[in-house]
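Data first, discussion second: the structure below is written as structure tokens.
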Amino acid sequence: MSIKNQMNPAQTASPSQPLTGADVVVLSLIHHEVDTVFAYPGGAVIPLHQAYSRYEDKLRIVLPRHEQGGGFAAQGYARSTGKVGVCSATSGPGAANLLTAIADAKMDSIPLVAITGQVGSNVIGTDAFQEMPSTEVFRSITKHHMLIMDPNDIVRGIREAFYIANSGRKGPVLVDIPKNVFLAQVGQPFQSEKGVTIFEEPDFDCELNLPGYGEKEMPTPEEEAIAQWVELIRSAKKPAFYIGGGAIASDASEEILKLVEKTGIPAASTLTGLGAFPAEHPLALGLLGMHGSCAANKMVHECDLLMVLGARFSDRVTGNAKRFAPNAKIVHVDIDLSEIRKIIDPALAVTGDLREVLEKLNAALLPIQMPDITPWVEQVMEWKQRLGISYRKDSKNILPQQALEKLYEMTKDQDPIVATGVGQHQMWTAQFFKINSPKHWLSSCGAGTMGFGLPAGMGAKIANPDKMVIVVEGDGSLLMNIQEMGCCFCEKIPVKVLLLNNQYLGMVFQWEDRFCRKNHAQTFLGPIDDPEKYLEKKDYCPTNRYPDFTAIAKGFGWNARTVIDPAELESALQEMIDAEGPYLLDVAIPYSEQVIPMIPAGGTFSDMIRE
């Protein structure tokens, strides 16, 4: 079918209006089944936004209130669906504002395509208004980046961007397009760096031009490695699984569940791996690492075979890598060959897509091959019972753990998607709100970016309109992208925000308490002359609440409520759950409350702080 025949004449200036480079960009997105773009306009992308407006019947364009919010919203869309998230911004400061969101996606291997405008190709390199060498700036924080200087390269460039973003180890791709390329007309001459060319009608099924990166280059598991793995399982007496974010990226949850139930081997998860294995499963040990449970960390410390599924041995999991899992033979499964032996040298490395690897392993494992690990499993279950995550129950205030535990009980039947900011609230949520389904946990894990939660939840809600989306934020983190409350109201995105508000940058405050002799510096978020600033008082909630988040939320058109009294917690949570539009519940919590347990950075299980 001709591209022109795919256009909706009602959406164009006239039925005979020629296609532009910007139209071809938008039609390429539609061809890749994109239904939502988070886009902020500006000078260099005016032609792109004009094209967006011509295809409003096929593509929803969401206006974030900051480009970073748009980038995180695209991440929320991608993380909750497995599809490629798409965002766009103008040149210079617009592109620069996407930087953190793209770096964050790179760290957590999230498929993203970011389209940025660029100054006209004839003035590139002249320090033109809002010029920035985006491909150079983004080079080290993208999986791939490209500057499209010829309109005839648009379709192939977009096609390659989507393929690269969502294949192998997934990640963000930057597509930078000069304004005159957006304005070029199909069928008309175009002056490019190669000379004058004719902008030809595009072929959306054109061949890729990616030497060294294609289906033939994608790693596949070898039969010999699977056979060796089976033998390691057969000989193990204390085996354990360590599940990472690759399990989510490869849609391996069903195969993991089969494997765990076939073998009876207990499993722990990294922060990015939460939801890949149901938290309510009897063999689930929950979160592993710095703020993971004592039981999960002890299991890994004591096991004799540790099977690492789609994880990269983050320092927040291993602590001192030289002393991590000291008694174990390690099997490391990863799609990215560069991760193998980067941190830890495994006894067996299996390179390939995790779901494909586990399909082969499950097929190769026969019940008669399984060793009797009953004593080990019984020991691990005893640790789970005795050393599981808990919290004190003697507070006169609302504790964050209590609020999250209650919220989970009240919403678990709805299996909500949960997005978080970064800080103490993030760790408490990982500990106390059980994630039982893949793609239901959205959190900035590798980069640890404050301000992630609200826009990520926004993107997830757009992608999953029939699902409840809960955003758990801290006061410091929420302030980083609080402007997206405007987007939620104006775009009719009914997310629910549980704000755990202690008036401090709580995680930094905790580290100052533990490792800086309680010398607190710039971690109080109230006025500098507030008499409650750094007041050393256990189990205390500051009475001078700043800012007034309820008033701010209402100013953005949200419904909102503040709750301080524990007796009102359940009714307040119910009000939030029942709210039809966007809702913020500001929960006052004591600033002295800390995330426990904790393994200090560079430490090991034996260094764990438990109180």
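I'm trying to understand the selection: among the residues of region 46-56, which are open to solvent by 70 Å² or more (accessible area, probe 1.4 Å) and under 29 Å from the mean Cα position of the chain (by Cα)? Talk me through it step by step, then tell me what you get.
The initial filter retains those residues of region 46-56 that are open to solvent by 70 Å² or more (accessible area, probe 1.4 Å), namely 46, 50, 56.
E56, the sole residue that qualifies.
Which of the following residues is within 16 Å of A447 (Cα to Cα) and not small (G, A, S): P111, P133?
Going through P111, P133 in turn, the sole match is P111.
Taking only region 506-534 into account, find how many residues are on the phi > 0 side of the Ramachandran plot and either in contact with a strand residue (DSSP E or B) (Cβ under 9 Å, 6 or more places away or on another chain) or aliphatic (A, V, I, L, M) (or both).
1
Would you be able to tell me the number of residues in region 545-558 that are of a type outside the set (D, E) and either surrounded by fewer than 17 Cβ atoms within 10 Å (Cβ to Cβ) or more than 28 Å from P527 (Cα to Cα) (or both)?
Count: 6.
Within region 572-593, does at least one residue satisfy the condition of being part of a strand (DSSP E or B) and among the β-branched types (V, I, T)?
Taking every residue of region 572-593 in turn, at least one turns out to be part of a strand (DSSP E or B) and among the β-branched types (V, I, T).
Assuming F190 fulfils every condition listed in (1) among the hydrophobic types (A, V, I, L, M, F, W, C); (2) over 26 Å from the mean Cα position of the chain (by Cα); (3) surrounded by fewer than 20 Cβ atoms within 10 Å (Cβ to Cβ); (4) not in a loop (DSSP other than H, G, I, E, B) apart from one, which condition is it?
The number of the failed condition is (3).
Only one of G70, G43, G92, G82 is of a type outside the set (A, V, I, L, M) and buried (at least 23 other Cβ atoms within 10 Å of the Cβ). Can you tell me which?
G70
At least 3 residues that are crowded, with 18+ Cβ neighbours inside 10 Å, of a type in the set (S, T, Y) and in contact with a strand residue (DSSP E or B) (Cβ under 8 Å, 6 or more places away or on another chain) in each: list the strands (runs of 3 or more DSSP E) lying fully within region 328-447 that qualify. Give the steps one after another, and end with the answer.
Numbers: elements: 329-334, 348-351, 417-420.
No strands (runs of 3 or more DSSP E) qualify here.
Can you name the residue in region 137-184 that is assigned to a helix (DSSP H, G or I) and under 17 Å from N97 (Cβ atoms) and is also nearest to the chain's Cα centre (by Cα) among such residues?
Restricting attention to region 137-184, the residues satisfying the condition of being assigned to a helix (DSSP H, G or I) are 137, 139-141, 151-165, 179-183.
Narrowing further to those that are under 17 Å from N97 (Cβ atoms): 137, 141.
On the way: V137: 22, I141: 15 Å.
Checked region 137-184; the qualifying residue nearest to the chain's Cα centre (by Cα) is I141.
Identify, by number, the condition in (1) open to solvent by 30 Å² or more (accessible area, probe 1.4 Å); (2) in contact (Cβ under 8 Å) with a residue 60 or more places away in the chain that I226 doesn't meet.
(1)
What is the residue count in region 222-258 for residues that are in a loop (DSSP other than H, G, I, E, B) and either of a type in the set (S, T, N, Q) or under 12 Å from N362 (Cβ atoms) (or both)? Steps first, please.
At the first step, the residues of region 222-258 found to be in a loop (DSSP other than H, G, I, E, B) are 222, 236-238, 244-245, 250-252.
Keeping just the survivors that are either of a type in the set (S, T, N, Q) or under 12 Å from N362 (Cβ atoms) (or both) gives 250, 252.
Qualifying residue count, region 222-258: 2.
Out of everything in region 291-318 that is open to solvent by 20 Å² or more (accessible area, probe 1.4 Å) and in a loop (DSSP other than H, G, I, E, B), what residue ends up being farthest from K412 (Cα to Cα)?
My answer is D304.
For region 155-181, name all the residues that are farther than 15 Å from S88 by Cα and touching a Gly at 6+ places or on another chain (Cβ under 7 Å).
Passing the criteria: A165, N180, V181.
Pick out, from region 449-560, the helices (runs of 4 or more DSSP H) lying fully within it that include 3 or more residues that are more than 26 Å from the chain's Cα centre (by Cα) and within 21 Å of Q426 (Cα to Cα). Reasoning before the result, please.
On the way: elements: 453-463, 475-480, 484-490, 506-515, 549-555.
Those helices (runs of 4 or more DSSP H) span 506-515.
In region 482-505, which residues are in contact with a Ser or Thr (Cβ under 8 Å, 6 or more places away or on another chain) and either open to solvent by less than 10 Å² (accessible area, probe 1.4 Å) or at positive phi (or both)?
Within region 482-505, just Y504 meets the criteria.
Among the numbered criteria (1) over 25 Å from M598 (Cα atoms); (2) surrounded by fewer than 16 Cβ atoms within 10 Å (Cβ to Cβ); (3) of a type in the set (A, V, I, L, M, F, W, C), which one does A521 miss?
Condition (1) is where A521 drops out.
Tell me which residues, restricted to region 231-256, are more than 21 Å from K439 (Cα to Cα) and open to solvent by 10 Å² or more (accessible area, probe 1.4 Å).
E231, L232, R234, S235, K237, K238 - these are the residues of region 231-256 that are more than 21 Å from K439 (Cα to Cα) and open to solvent by 10 Å² or more (accessible area, probe 1.4 Å).
Would you please name the residue that is nearest to L306 (Cα to Cα), looking only at residues in region 257-276 that are within 21 Å of the chain's Cα centre (by Cα) and either open to solvent by less than 30 Å² (accessible area, probe 1.4 Å) or hydrophobic (A, V, I, L, M, F, W, C) (or both)?
My answer is A268.
Kindly indicate which of S109, S140, S134 is open to solvent by less than 60 Å² (accessible area, probe 1.4 Å) and out of contact with any Gly (no Cβ under 8 Å at 6 or more places or on another chain).
Values: S109 fails: out of contact with any Gly (no Cβ under 8 Å at 6 or more places or on another chain); S140 fails: open to solvent by less than 60 Å² (accessible area, probe 1.4 Å).
Being open to solvent by less than 60 Å² (accessible area, probe 1.4 Å) and out of contact with any Gly (no Cβ under 8 Å at 6 or more places or on another chain) holds for just one of S109, S140, S134, which is S134.
With the structure loaded, tell me whether Q574 is open to solvent by 50 Å² or more (accessible area, probe 1.4 Å) and more than 19 Å from R392 (Cβ to Cβ) or whether it fails that test.
Answer is yes for this residue.
For region 134-185, give me the residue count where each residue is of a type in the set (K, R), in contact (Cβ under 8 Å) with a residue 60 or more places away in the chain and closer than 15 Å to V24 by Cα.
2
Suppose we filter region 150-204 for residues that are of a type in the set (D, E) and more than 30 Å from F72 (Cα to Cα); how many remain?
The number of residues fulfilling the criteria is 4.
The values are calculated or read from the model by the stated rules, or taken from the named source; none is laboratory data. This one's a predicted model, so the numbers in the text were calculated from it and none came from an experiment. Every residue, glycine as well, gets a Cβ built from its backbone with ideal geometry; the counts of neighbours run over all protein chains shown. Heads up: the accessible areas ignore ligands, DNA and RNA and are worked out on the full protein's heavy atoms, side chains in. Shrake-Rupley method; radii C 1.70, N 1.55, O 1.52, S 1.80 Å.
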